[in-house]
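S.K.: Here it is, the structure, as structure tokens.
The values are calculated or read from the model by the stated rules, or taken from the named source; none is laboratory data. All of these numbers come straight from a predicted model, not from anything done at the bench. Neighbour counts run over all protein chains shown; Cβ positions are idealised from the backbone, glycine included.
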Amino acid sequence: MSPLDVETIYTSVRKTGKLLIVHKAVKQGGVGAEIAARVAEDEFQSLEAPIVRLGAPFVPVPFSPVLERLVKIEVDDIVSAAVNLAGQQAHGT
């Protein structure tokens, strides 16, 4: 996670008013949680919608390829989250 270019993230949040975090690690306690915390602390006023995080569920990764697909984030998951987030209106409007 180091170095983490928080200024680039903050600039994006200021520009879009939104933040979608996607990573392969488990969602709980992952790098996405750290990014979300920093944005919430330093750029909360810039957010027009809740922060959205996509990460693996907090379960052991299965050995079976069929079951592994159930815990992996797929392109469709990202597209769906991005479309949903893009459609959210600013707070209070």
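S.K.: Which residue, of GLU68, GLU48, is among the acidic types (Asp, Glu), touching a Pro at 6+ places or on another chain (Cβ under 8 Å) and surrounded by 11 or more Cβ atoms within 10 Å (Cβ to Cβ)?
M.R.: On the way: GLU48 fails: touching a Pro at 6+ places or on another chain (Cβ under 8 Å).
Only one candidate qualifies: GLU68.
S.K.: Separate question: Scan the range 60-72 for residues that are closer than 30 Å to GLY87 by Cβ and either modelled with pLDDT of 85 or more or more than 20 Å from the chain's Cα centre (by Cα) (or both) and jot them down. Talk me through it step by step, then tell me what you get.
M.R.: Keep residues of the range 60-72 that are closer than 30 Å to GLY87 by Cβ, which gives 69-72.
The answer is VAL71, LYS72.
S.K.: Filter the range 23-41 down to the residues that are of a type in the set (Val, Ile, Thr) and modelled with pLDDT of 95 or more, then identify the one that is farthest from the chain's Cα centre (by Cα).
M.R.: Quick first cut of the range 23-41, residues of a type in the set (Val, Ile, Thr) only: 26, 31, 35, 39.
Next, only the ones that are modelled with pLDDT of 95 or more stay: 35, 39.
Numbers: ILE35: 8, VAL39: 11 Å.
For the range 23-41, the residue satisfying everything is VAL39.
S.K.: Scan the range 34-93 residue by residue and report those that are farther than 14 Å from THR16 by Cβ and in contact with a His (Cβ under 7 Å, 6 or more places away or on another chain).
M.R.: GLY55
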